[in-house]
Amino acid sequence: MKTFAFLFLGVLLSTYITAPVFAESSDELRLELGAAFIKVAEAEGAGGDVSDLVQVLNSAASLIDKGDDASLKVAEDMIQYVSVSALEKKEEGVQATQYQYIVLAVTLVALIASAAIVWFYGSRVFWALWIRIKRGWRVEAA
């Protein structure tokens, strides 16, 4: 009777230990997938191009749905790749945004400088050119 109790306890314990491992692994991967999605959304908000990362996340989600060990391992690798790449894309987006601000500032300064030059010297240059072009004309009374 004691042997039967130990055997029953061993089978029950092994079932309890091994059964949740796959479900827990799948659930953990879904949580990691959600965290990776949040990182991708932040990278997109920073201006990064994340279209390739979204495709990888979709592939990882379909692999998680399959549920076998090989698919879960590949999905885990894909999720880790996306997590690392999302941070790089976020940094690239921040740099691109800063570059756009610099280009905008330089363009505005050049536009303001051009407007100031035209404002102060425009009429003088216009009339000087007018006189130079029309110098040989004669006006006759009609």
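Some observations on this one:
- Test result for ALA128, at pLDDT 95 or above, surrounded by 10 or more Cβ atoms within 10 Å (Cβ to Cβ) and of a type in the set (A, V, I, L, M): no
Residues are listed down the side, and each one gets a yes or a no for (1) in contact with an Asp or Glu (Cβ under 6 Å, 6 or more places away or on another chain); (2) in a helix (DSSP H, G or I); (3) closer than 30 Å to VAL54 by Cα; (4) of a type outside the set (A, V, I, L, M):
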residue: ALA96; (1), (2), (3), (4): no, yes, yes, no
residue: ALA105; (1), (2), (3), (4): no, yes, no, no
residue: LEU108; (1), (2), (3), (4): no, yes, no, no
residue: ALA116; (1), (2), (3), (4): no, yes, no, no
residue: PHE120; (1), (2), (3), (4): no, yes, no, yes
residue: SER123; (1), (2), (3), (4): no, yes, no, yes
residue: PHE126; (1), (2), (3), (4): no, yes, no, yes
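- Residue within the stretch 89-112 that is of a type in the set (A, V, I, L, M) and closer than 17 Å to GLU28 by Cβ present: no
- Annotation: TYR101 fulfils all but one of (1) of a type outside the set (Val, Ile, Thr); (2) more than 21 Å from the chain's Cα centre (by Cα); (3) exposed (fewer than 11 other Cβ atoms within 10 Å of the Cβ); the unmet one is (2).
- The stretch 60-94: number of residues that are of a type in the set (Asp, Glu) and outside any helix (DSSP H, G or I): 1
- Boolean, ASP52 is loosely packed, with under 14 Cβ neighbours inside 10 Å and either in contact with an Asp or Glu (Cβ under 7 Å, 6 or more places away or on another chain) or under 16 Å from GLU28 (Cα atoms) (or both): no
- The test for being within 30 Å of LEU29 (Cα to Cα), touching a residue at least 24 places away in the same chain (Cβ under 8 Å) and surrounded by fewer than 14 Cβ atoms within 10 Å (Cβ to Cβ) holds for ASP69.
- Against the numbered list (1) within 18 Å of the chain's Cα centre (by Cα); (2) at pLDDT 90 or above; (3) not basic (Lys, Arg), LEU31 comes up short only at (1).
The values are calculated or read from the model by the stated rules, or taken from the named source; none is laboratory data. None of these values were measured; they are calculated from a predicted model. Glycine also receives a Cβ, built like all others from the backbone with ideal geometry; neighbour counts cover every protein chain displayed.
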